[in-house]
Protein chains: 2
Amino acid sequence: MRERVSVIGLGLIGGSLVRGLAAAGHHALGFDSNPTTRATARTAAAKAPENSRWQVTASISDAAANSDVVVVAVPLPAVSGVFDALAATGFSGLVTDVTSVKGAVLDLAAKHLHTVGQALAGFVPGHPMAGRETSGFTASDAALFKGCAWVLCLEEQTSLGDWVRLARLLTDGLGVRVVPSTAAEHDRAVAAVSHVPHLLASALAGHAANDPLALTLGAGSFRDGTRVAASRPALTAAMCGGNATATKTALDAMIADLQAASAALDGTDPIAALEPWLTPGAEARLAWPPTAGEPQRLPVDAKALRDLGRAGGWITAVAEDHRSVTAVFPHST
Amino acid sequence: MRERVSVIGLGLIGGSLVRGLAAAGHHALGFDSNPTTRATARTAAAKAPENSRWQVTASISDAAANSDVVVVAVPLPAVSGVFDALAATGFSGLVTDVTSVKGAVLDLAAKHLHTVGQALAGFVPGHPMAGRETSGFTASDAALFKGCAWVLCLEEQTSLGDWVRLARLLTDGLGVRVVPSTAAEHDRAVAAVSHVPHLLASALAGHAANDPLALTLGAGSFRDGTRVAASRPALTAAMCGGNATATKTALDAMIADLQAASAALDGTDPIAALEPWLTPGAEARLAWPPTAGEPQRLPVDAKALRDLGRAGGWITAVAEDHRSVTAVFPHST
């Protein structure tokens with residue numbers, strides 16, 4: 001089905017999305033608040049193959065007026081402003097976002113998108129697990145999302161029809177693995193696999209900062225363990241601080257683990273005491289990333305979908321009638 | 001100068017070293033306690049270009065009898081046995097090692113190498129900061145050490161002549177950056193940039209182990225932050241536990257840092273509180289790895305060399321008369 005989709009915010013994610021959607025044959029519109037970015041995106045569109053061109057609009061309201069689905073692809077601090085602008089246009093279609101925290105965005109949607117007396121836009125919080133060292137429209141790539149896990153939150157109040165429609169849009173043309181979840185479960189999971197890793201990387205890099213010998217001896221484990229510490233502090237702070245409760249819970253659990261390692265190092269036989277401490281992490285890492293089991297058909301049912309996500313599974317396709325999906329559970333080892 | 005060098009232990013490091021030394025024109029001998037490894041190394045030698053062949057000996061005493069320098073390239077738990085074997089042969093040449101902890105190896109040398117009533121072998125503790133995912137002789141590579149930092153410890157009791165001779169051997173044919181240090185300073189630095197990163201990686205991977213959703217959502221920061229968690233627990237335990245005091249000190253400092261982050265997450269404005277916490281790590285990582293300043297000539301002097309290492313500097317060449325070196329200090333930014 002050809003959808004009319006607008007992408008608001010043409011950075012790495014938004015730019016890649018507008019390119020990918022256009023390449024998949026959708027009617028794709030893009031808008032960015034920065035005029036230079038709009039000009040760059042317009043020039044790039046003109047150079048794209050004729051059947052995969054997107055259009056760049058001059059305003060959010062122009063974009064909204066010509067779409068049924070709006071993807072808000074701006075950083076968290078800018079989301080409420082875009083929601084306000086969408087609400088002001090009276091947009092009543094389907095809205096999703098791509099930020100890395102979902103509970104906070106649900107709160108923003110309640111305050112800024114679902115304004116009193118307006119036809120309500122349906123909101124499905126989303127989060128593509130795609131990132132690159134580079135950013136901005138010039139780094140965007142229609143193939144960025146191929147095979148990437150993309151969470152779509154299915155809350156109690158989410159319209160299952162809206163959810164499936166978005167899942168179809170993402171799996172059909174972009175090759176995304178759609179992971180059904182809830183905002184709370186997503187936020188807990190990304191705290192463990194993304195937000196806390198950023199904090200650990202920063203602590204590691206900061207600890208070595210004043211030791212020139214250490215910096216010279218740093219090799220592979222330091223390079224990889226600190227890579228994301230180079231991210232802009234304001235962005236990492238917004239990410240972790242926007243998910244403060246779940247991040248603190250995961251971080252405190254990590255601190256308790258590390259205190260156990262510290263105690264092991266303090267004992268009479270630190271080598272013997274550390275080996276069992278290290279074993280669960282080694283087993284988990286050797287089994288990662290999870291591999292796909294046999295694809296199976298699953299009915300479109302909120303509980304079944306949430307259970308799939310909770311089990312680490314994902315969706316690779318949505319049936320044309322939107323009544324079933326192709327689901328993949330991770331291979332149990 | 002052509003040296004007669006034996007390498008005991010033909011794993012990734014020892015195998016690469018015997019290949020590299022032979023390629024640099026030295027008289028290179030290798031021994032491994034495993035007969036299969038010896039056979040593999042012998043076959044590989046026969047296939048090497050005629051002017052860069054090494055020989056594989058049948059015993060440690062054969063190797064020692066035909067060398068002036070012995071490199072002990074076995075893992076830490078096997079070092080004392082090789083020291084005993086060397087002492088039993090009455091070897092009085094120069095001995096070095098390649099393990100990742102240096103204080104513990106100095107203790108072993110005192111107990112096992114410098115046996116009473118023997119001509120003392122000179123011992124210079126060493127540690128190449130080279131590692132790969134792969135291991136064993138079949139993964140070895142004559143070019144493994146090109147540009148790699150290789151610590152040579154210059155203790156109060158170390159013969160400066162021995163130290164410079166080894167530094168020459170490593171810089172001349174192998175392209176190593178020799179970093180002068182002491183066992184204590186080395187152990188403190190590698191605790192920060194290698195041993196603690198291994199512990200953090202393990203804690204991160206272990207924490208996600210029982211959350212299938214988290215494992216599916218894990219992307220770049222999880223992949224890189226946990227990479228070394230896949231190392232064999234026994235090896236990581238030997239490495240961290242063999243450097244227990246320095247590792248515990250660095251780990252406890254890291255835990256205190258992370259507790260400050262946890263407190264920031266608990267405050268009224270976690271985003272504002274986290275940003276300054278994240279800044280030192282970001283600055284350190286952006287400035288890493290340190291770049292080389294202008295090469296300069298330094299006299300062979302123990303204090304000057306130790307100061308060079310402490311400042312994060314290294315040696316790229318030793319003059320033919322062994323009285324000066326080419327030193328590089330990191331570029332100050």
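Round to the nearest 0.05 the FRET efficiency obtained for A:Ser324 and B:Thr138 when R0 = 56 Å and r is the Cβ-Cβ distance.
Calculated transfer efficiency: 0.70.
Per-residue Cβ counts within 10 Å, from other chains only, averaged over B:234-246: what number is that?
5
Which residue fluctuates most in the GNM of chain B (Cα springs below 10 Å): B:Asp301, B:Asp266, B:Asp162?
B:Asp266
Given the options B:Ala209, B:Ala48, B:Ala149, state which has the largest fluctuation in a GNM of chain B using a 10 Å cut-off (strictly under) for Cα springs.
The residue that fluctuates most here is B:Ala209.
Using Cα pairs closer than 8 Å and at least 6 residues apart in sequence, work out the relative contact order for region A:186-286, in percent.
32
Between A:Asp107 and A:Gln296, take the C-beta separation as r, use R0 = 35 Å, and let me know the FRET efficiency to the nearest 0.05. Walk me through the numbers on the way to the answer.
On the way: r = 35 Å, r/R0 = 1.01.
For R0 = 35 Å, the calculated efficiency reads 0.50.
Would you mind estimating how fast region A:4-144 diffuses translationally, via Stokes-Einstein at 10 °C and 1.306 mPa s with the Kirkwood radius over Cα pairs, in µm²/s?
Using the Kirkwood radius from Cα pairs, D works out to 107 µm²/s.
Can you list the copy-to-copy distances for B:Glu294, using a point 7 angstrom from Cα toward Cβ, in nanometres, shortest first?
Copy-to-copy label distances for B:Glu294: 7.1 nm.
Past 29 Å, Cα to Cα, is the threshold; run A:Lys47/A:Lys146; A:Lys146/A:Lys248; A:Lys146/B:Lys146; B:Lys146/B:Lys248; A:Lys111/A:Lys146 against it and keep the listed order.
Beyond 29 Å: A:Lys146/A:Lys248; A:Lys146/B:Lys146; B:Lys146/B:Lys248; A:Lys111/A:Lys146.
Determine the percent antiparallel among the DSSP beta bridges restricted to chain A, to the nearest 5.
Among the beta bridges of chain A, antiparallel pairing accounts for roughly 35 percent.
Hey, what does the equivalent ellipsoid look like for region B:174-265, semi-axes from the Cα gyration tensor as sqrt of 5 times each eigenvalue, largest first, whole Å?
27, 18, 13
Quote the relative contact order of chain A in percent (integer), defining contacts as alpha-carbon pairs under 8 Å separated by 6+ residues.
15
Using Cβ counts within 10 Å as a stand-in for footprinting exposure, how do A:Cys148, A:Cys240 rank, fewest first?
The order, fewest Cβ neighbours first, is A:Cys148, A:Cys240.
Hey, fewest Cβ within 10 Å first, where do A:Ile8, A:Ile13 land in order?
So the ranking, lowest neighbour count to highest, is A:Ile13, A:Ile8.
Indicate the helices, whole DSSP H runs only, in chain B that combine a mean Kyte-Doolittle hydropathy of -0.5 or more with a Cα extent along their long axis of 30 angstrom or more.
Result, helices passing both filters: B:244-265.
Just for the protein assembly as shown, what percent of DSSP beta bridges are antiparallel, to the closest 5?
35
What does the C-alpha gyration tensor say about the overall shape of region A:77-225? Classify as rounded when a/c is under 1.5, otherwise prolate if a/b is larger than b/c, or oblate.
The shape class here is prolate.
Can you compute the radius of gyration and Dmax for chain B, using only the Cα atoms, both in Å?
So, for chain B, Rg and Dmax equal 21.6, 71 Å respectively.
Sorted from largest down, what three extents in whole angstroms do the Cα atoms of the protein assembly as shown have along their principal axes?
That gives 96, 51, 49 Å along the principal axes, largest extent first.
If the elastic network links every pair of Cα atoms under 10 Å, which of A:Ala121, A:Ala78, A:Ala22 fluctuates the most in the Gaussian network model of chain A?
A:Ala78
Values in this text are rule-based calculations from the coordinates and carry no lab data. The model shown is predicted, which means the values in this text are computed figures rather than measured ones. Backbone-built Cβ (ideal geometry, glycine too); neighbour counts: all protein chains shown.
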